[in-house]
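Q: Just dropping this structure here.
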Amino acid sequence: MSKKTKLLIIGSGPAGYTAAVYGSRALLKPILLQGIQPGGQLTITTEVENWPGVKEIQGPDLMVNLEEHAKVAGTTIINETVNKLNLKKYPFIAISDNGTEYEADSIILATGAQAKWLGLKSEDKYKGFGVSACATCDGFFFKNEVISVIGGGNTAVEEALFLTNFAKKIILIHRRDNLRAEKILQKRLFSNSKIEVIWNSVVKEIIGTENPLSVKGIRIQNLSNDKETELSCKGVFVAIGHAPSNELITDQLELHNGGYVVTRPNSTETSVPGVFAAGDITDFKYRQAVTAAGMGCMAALEAEKFLSEQK
């Protein structure tokens, strides 16, 4: 089975759905393929309080609203995942998991990124209920509480420092005896009286309540002596990095900073004309829903310009 489209959008987070709205308004009749996690990372987020114009909304509800907006605007939304993508011929070819071949005159990549997790069953259980990978998203909910941050790089230190704006105490847990973060960040961390660092330790289990689900502590293991200790905390922020979902384009587009797609300055244009990248697949700095949506808008406008020039 084969389908043709002027604009193919791969991914269904804020970037993808916003690109779909703008692409539809430009009469490009876009097709959007939702991917393996329709709605993206916001579907595993609970309260969202930083989406402009909405004081509070559940992450999944926000994504339902964005999907409906894209549909009403005129986007064809298909619950399929792209398994193969050929950007070396034009028009571009994408093949989905059910074997459908999509021929596209332009493509917007909005496949996002995934937080790296510890891989614990208890971590999965409490995601969105005290376990998070985004301090700027969820730190507000832990005012005057004790919070644990896991990691030792720039991300972990930055998140620990940010969380001091809300929490009464931060416990930073790192598996080594020194941090990988930049020296200036380390200096700020060590000079902050709210932050305690526990070295040479790993988290073995997230401890919490059942009804309602909520975190009440963690069990850690000291790697030097194998001693296990339980610590009380209301939140656990895993800050061991993010990985861009770039499996489709690793050998086809220029990448940097650990696999993020390179785009031209102040643009969503990639190293292949007609292919645009928006959201967390290219954004290693902000990683916010609202900035992803902004890039989705940019990508659709740039795709429209590219297609008009092709004519």
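Where a number appears in this text, it was derived from the coordinates with a stated rule and is not lab data. For clarity, every value in this text was computed on a predicted model and none was experimentally measured. Counting neighbours? That spans all protein chains shown, and the Cβs are built from the backbone with ideal geometry, glycine included.
Q: Long-range amide H contacts for E205: which residues qualify at under 5 Å (H placed 1.01 Å from N, peptide plane, sequence gap of 5 or more or a different chain)?
A: Result for E205 returns R219.
Q: Once amide H atoms are built 1.01 Å from N in the peptide plane, which residues 5 or more positions from I77, or in another chain, come under 5 Å H to H?
A: L32
Q: Answer with one residue from V261, F166, I207: the one whose Cα lies farthest towards the positive end of the charge dipole of the chain, charges on Cβ with Lys, Arg +1 and Asp, Glu -1.
A: Of the listed residues, the answer is F166.
Q: Using unit Cβ charges (K, R positive; D, E negative) and no other charged atoms, how large, in debye to the nearest 20, is the dipole of the chain about its Cα centre?
A: 500 debye
Q: Angle check, please: helix 59-73 long axis (alpha carbons) against the longest principal axis of the chain (alpha carbons), in degrees 0 to 90, nearest 10.
A: 10 degrees
Q: While we're on this one: If you average the alpha carbon positions of the range 1-64 and of the range 289-311, how far apart do those two centres end up, in angstrom?
A: 14 Å
Q: Given the C-alpha atoms of the chain, compute the convex hull and give its volume per residue in Å³.
A: 145 Å³
Q: Also: As an exercise, identify the GluC sites (Glu not before Pro) in the range 147-215 lying in DSSP coil whose Cβ has no more than 14 other Cβ atoms within 10 Å.
A: Counting only loop positions with at most 14 other Cβ atoms within 10 Å, the GluC sites (Glu not before Pro) in the range 147-215 are E182, E210.
Q: Please state the shape class of the range 121-238: rounded when a/c is under 1.5, otherwise prolate if a/b exceeds b/c and oblate if not, all from the C-alpha gyration tensor.
A: oblate
Q: So, one more: Using each residue's phi in the range 133-148, evaluate 6.51 cos²θ - 1.76 cosθ + 1.60 at θ = phi - 60° and report the 3J(HN,Hα) Karplus result to the nearest Hz, with x for Gly and Pro.
A: Rounded to whole hertz, the list is 10, 9, 5, 5, 7, 10, x, 4, 7, 10, 4, 6, 10, 8, 10, 9.
Q: While we're looking at this one, here's another question. If I measure Cβ to Cβ between cysteines in the chain, which ones have no partner under 4.7 Å?
A: Here C233, C297 come out as lacking a disulfide-compatible partner, given the Cβ-Cβ threshold of under 4.7 Å.
Q: Relative contact order for the range 121-238: what is it in percent, counting Cα pairs under 8 Å that are at least 6 residues apart?
A: 31 percent
Q: For the chain, what proportion of DSSP beta bridges, expressed in % and rounded to the nearest 5, is antiparallel?
A: Taking every DSSP beta bridge with both residues in the chain, the antiparallel ones total about 50 percent.
Q: Under 15 Å from the Cβ of T111, count the other residues' Cβ atoms, weight Lys and Arg +1, Asp and Glu -1, and hand me the total.
A: Summing Lys and Arg as +1 and Asp and Glu as -1 gives -3.
Q: Further question: From the cross-link list K4/K285; K71/K116; K55/K305; K84/K285; K3/K29; K55/K169, which pairs have alpha carbons spaced over 23 Å apart?
A: Those over the limit are K4/K285; K71/K116; K55/K305; K84/K285; K55/K169.
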